[in-house]
């Protein structure tokens, strides 16, 4: 199977690869990340995410399609409905205007050749008015800043063949209340491989 995928990748012309990259760069710039595998096909639209209570109103979220996992404060956030048909993740909203996005994408490996290049692209095409924090390692990138009256925090990690993203926006006036929430979700962000991977 790996040899077949390698041959298919070699057959892709440079022009086709550049065209795909341009399309996804445009999507990233617009604030969206495609959750489509490099083949361009989504295998199923019947995705079931798992929500397991942890303690104190927190719940462990696991995305069935990508294996993305994180602890989410369900006592503070409600699920936005309907879930995306492509099964890439979920969006949650709070009563005070905060919003969480937790999702994954194969985009990192379509747009660029390495995760390092993908991180550089994300930093270059940032939608933040001002970046106030940035940290990274070989397998993750975290950044925070302001966008209008809101604070935005985003963490992207590499794993299980995809990029896993946690993003939160919240009113700057609620920074003290949200700092521990952001820290806990960011630390819990990960992925678990499916049995068939």
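The values are calculated or read from the model by the stated rules, or taken from the named source; none is laboratory data. Worth saying up front: this structure is predicted, and the values here are computed from it rather than measured. Using ideal geometry, Cβ is built from the backbone for each residue, glycine included, and neighbour counts are taken over all protein chains shown.
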Whichever residue in region 66-101 is assigned to a loop (DSSP other than H, G, I, E, B) and within 13 Å of the chain's Cα centre (by Cα) and, among such residues, is farthest from residue 144 (Cα to Cα): 87
Is it true that some residue in region 137-151 is more than 21 Å from residue 58 (Cβ to Cβ), within 17 Å of the chain's Cα centre (by Cα) and part of a helix (DSSP H, G or I)? no
Exception for residue 86 within (1) touching a strand residue (DSSP E or B) at 6+ places or on another chain (Cβ under 7 Å); (2) touching a residue at least 40 places away in the same chain (Cβ under 8 Å) falls at (1)
Kindly evaluate residue 182 against the criterion of being surrounded by 18 or more Cβ atoms within 10 Å (Cβ to Cβ), touching a strand residue (DSSP E or B) at 6+ places or on another chain (Cβ under 9 Å) and part of a strand (DSSP E or B). no
Residue list for region 58-76, filter: surrounded by fewer than 19 Cβ atoms within 10 Å (Cβ to Cβ) and more than 17 Å from residue 187 (Cα to Cα): 64, 75, 76
For residues that are more than 8 Å from residue 163 (Cβ to Cβ) and in contact (Cβ under 8 Å) with a residue 24 or more places away in the chain, scanning just region 110-121, find the one that is surrounded by the most Cβ atoms within 10 Å (Cβ to Cβ). 111
Does residue 134 meet the test of being in contact with a strand residue (DSSP E or B) (Cβ under 9 Å, 6 or more places away or on another chain), without any contact (Cβ under 8 Å) to a residue 12 or more places away in the chain and either in a strand (DSSP E or B) or surrounded by 15 or more Cβ atoms within 10 Å (Cβ to Cβ) (or both)? yes
Please go through (1) part of a strand (DSSP E or B); (2) free of Cβ contacts under 8 Å to residues at least 40 places away in the same chain for residue 104 and return the number of the only condition it doesn't satisfy. (2)
Checking residue 195 against (1) more than 22 Å from residue 59 (Cα to Cα); (2) modelled with pLDDT of 95 or more, which test does it fail? (2)
Sort out which residues of region 152-162 are assigned to a strand (DSSP E or B) and more than 14 Å from residue 174 (Cα to Cα), and write them in order of number. 154, 155, 156, 157, 158, 159, 162
Is it the case that residue 168 is touching a strand residue (DSSP E or B) at 6+ places or on another chain (Cβ under 8 Å), within 21 Å of residue 191 (Cα to Cα) and part of a strand (DSSP E or B)? yes
Would you pick out the residues in region 92-101 that are touching a residue at least 12 places away in the same chain (Cβ under 8 Å) and either surrounded by 14 or more Cβ atoms within 10 Å (Cβ to Cβ) or at negative phi (or both)? 92, 93, 94, 96, 98, 99, 100, 101
